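Asker: Got a structure for you, questions after.
The values are calculated or read from the model by the stated rules, or taken from the named source; none is laboratory data. These numbers come from a predicted model, not from an experiment. Ideal geometry is used to build each Cβ from the backbone, glycine not excepted, and the neighbour counts take in all protein chains shown. The accessibility values were calculated without ligands, DNA or RNA, using every heavy atom of the protein model including side chains. Shrake-Rupley method; radii C 1.70, N 1.55, O 1.52, S 1.80 Å.
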Amino acid sequence: MGHCVFLVLAALFSVTSTQFIPPYTEECRTEMYPPNGPTFRGAVGWYTVDLDLPPRKRWTDIITAKKTDLVNMIQAIRDLANAFVPSGRLIELVDITLPLMVDTLPSPFGEEIKGIAAVSEIPLGEVVLFNIFYEVFTVCTSVIAEDNKGNLIHGRNLDFGLFMGWDVKNKSWIISEKLKPLVVNLDFKRNNQTVFKSTNFAGYVGMLTGVKPHMFTLTMNERFSLDGGYIGILEWILGKRDGMWMSFLTRSVLENANRYIAEMFATAYFILGGNQTGQGCIITRSRLLSIDLLEIDLNLGRWYNITLKTMYDVLSTKPVLNKLTTYTTLMQVSEGKLESYIRDCPNPCMPW
């Protein structure tokens, strides 16, 4: 596939001895904001998702604009799959099996995925696969803090693509690099009014990062567990459908701002911030434990003061910034602000 693919152990052993020493770690950076320098690849563009449109039509403009990048990313996934299963049977199984299950997804996600497949001309099963990747292959960072006026600031690095093809020549994760051109900021509107804002990957209908202006901010990070997302995916394929995908749950909370109690397919951390001083929490969620996301005492007290500038400095410091980092998002709930930047981590840099 034009790149060398290393196995998991090769990647692990190559960094074991250097993981916790300079130049793979460093003192907290300063003067990184406004974003500049070699860690900054570019700002993220904005698109509107009109929730009043039929679900199959909501992503048409975005996918039309990002079609080439989405096709390139899916091809990289095919190449990676074929490197491990040279017969091509793995992708064949995806193309045959996953389309049969798209109608089992909760509304409106199945219909939106069908619309994305139609516009992009990518096989439906492969679009479904893209939309459940986060359940297995992610590590991330999220931070909640306050400024000196008590306004909450929520920052996150989205790290995606762990163990999904190491490019030896460029010292980077293949899928992580293919995802960066797909990063978009989305303004979800109903009746021409903003419902919530999110940073996302074009073609991915769930949410990992978002703000409900003047109400709350929410990010989701995967939680490593032996009873992890791959087990939930297997159960779903085998017909157990009483759970909910993590990113679909996050979007439902952002979109509806109601109480949600649901069994999920993977373990997760939900990082939630409110619109008043002291409101911030990290919710630890196991795969089989139901939890009410919005009825939790968020008053954790004051920890420390921070600004958008210093939050970006923290998220620009190795190894918080690493080879998996695709984007950095900064959110300020009191102003309904969300701003995002595509990131690079020049060598020497930790793979994760």
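Asker: Is it true that residue 157 is in contact (Cβ under 8 Å) with a residue 40 or more places away in the chain, not in a loop (DSSP other than H, G, I, E, B) and not β-branched (Val, Ile, Thr)?
Answerer: Values: in contact (Cβ under 8 Å) with a residue 40 or more places away in the chain: yes; not in a loop (DSSP other than H, G, I, E, B): yes; not β-branched (Val, Ile, Thr): yes.
Spelling it out, residue 157 is indeed in contact (Cβ under 8 Å) with a residue 40 or more places away in the chain, not in a loop (DSSP other than H, G, I, E, B) and not β-branched (Val, Ile, Thr).
Asker: Kindly provide the set of residues from the stretch 58-71 that are surrounded by 16 or more Cβ atoms within 10 Å (Cβ to Cβ) and assigned to a helix (DSSP H, G or I), ordered by number.
Answerer: So in the stretch 58-71, the residues surrounded by 16 or more Cβ atoms within 10 Å (Cβ to Cβ) come out as 58-59, 62-63, 66-67, 69-70.
Those that are surrounded by 16 or more Cβ atoms within 10 Å (Cβ to Cβ) and assigned to a helix (DSSP H, G or I): 62, 63, 66, 67, 69, 70.
Asker: If you don't mind, there's one more thing I want to ask. Restricting to the stretch 171-193, and then to whatever is part of a loop (DSSP other than H, G, I, E, B) and not basic (Lys, Arg), can you tell me which residue is nearest to residue 342 (Cα to Cα)?
Answerer: Taking the stretch 171-193 and keeping what is part of a loop (DSSP other than H, G, I, E, B), we get 171, 191-192.
Now narrow it down to the ones that are not basic (Lys, Arg): 191-192.
Working: 191: 31, 192: 28 Å.
In this case the residue turns out to be 192.
Asker: Quickly run through the stretch 321-338 and pick out the residues that are crowded, with 20+ Cβ neighbours inside 10 Å and either hydrophobic (A, V, I, L, M, F, W, C) or in contact with a Leu (Cβ under 8 Å, 6 or more places away or on another chain) (or both).
Answerer: Residues of the stretch 321-338 crowded, with 20+ Cβ neighbours inside 10 Å: 321-333, 338.
Selection gives 321, 324, 325, 326, 327, 328, 329, 330, 331, 332, 333, 338.
Asker: Right, here's the next one. Would you check if there is a residue in the stretch 230-245 being at pLDDT below 85, hydroxyl-bearing (Ser, Thr, Tyr) and open to solvent by 50 Å² or more (accessible area, probe 1.4 Å)? Please lay out each step first, then the result.
Answerer: Here is the first cut: in the stretch 230-245, the ones at pLDDT below 85 are 230-245.
With hydroxyl-bearing (Ser, Thr, Tyr) added as a condition, the list becomes 230.
Adding the requirement that they be open to solvent by 50 Å² or more (accessible area, probe 1.4 Å) leaves 230.
Within the stretch 230-245, one or more residues are at pLDDT below 85, hydroxyl-bearing (Ser, Thr, Tyr) and open to solvent by 50 Å² or more (accessible area, probe 1.4 Å).
Asker: Here is a follow-up. Which residue out of 302, 259 is closer than 14 Å to residue 216 by Cβ, at pLDDT below 80 and over 20 Å from the mean Cα position of the chain (by Cα)? Steps first, please.
Answerer: Details: 302 fails: closer than 14 Å to residue 216 by Cβ.
Checking each option against the conditions leaves just 259.
Asker: How many residues, within the stretch 72-119, are surrounded by 18 or more Cβ atoms within 10 Å (Cβ to Cβ), in contact with a Phe, Trp or Tyr (Cβ under 8 Å, 6 or more places away or on another chain) and in a helix (DSSP H, G or I)?
Answerer: The total comes to 8.
Asker: Next question. Do any residues in the stretch 62-75 that are under 14 Å from residue 117 (Cα atoms) have Cβ atoms under 7 Å from those of residues that are among the polar types (S, T, N, Q), where the two are at least six apart or on different chains, and which pairs are they?
Answerer: Matching pairs, first to second residue: 63/120; 67/120; 70/120; 71/120.
Asker: Filtering the stretch 42-57 down to residues that are in a strand (DSSP E or B) and more than 10 Å from residue 186 (Cβ to Cβ), which residue is least open to solvent (accessible area, probe 1.4 Å)? Give the derivation first.
Answerer: First, pick out the residues of the stretch 42-57 that are in a strand (DSSP E or B): 42-43, 46-50.
Next, only the ones that are more than 10 Å from residue 186 (Cβ to Cβ) stay: 42-43, 50.
Numbers: 42: 15, 43: 73, 50: 55 Å².
Among those that are in a strand (DSSP E or B) and more than 10 Å from residue 186 (Cβ to Cβ), it is 42.
Asker: So which residues in the stretch 18-27 are under 24 Å from the mean Cα position of the chain (by Cα) and either under 20 Å from residue 310 (Cα atoms) or surrounded by fewer than 12 Cβ atoms within 10 Å (Cβ to Cβ) (or both)?
Answerer: Passing the criteria: only 25.
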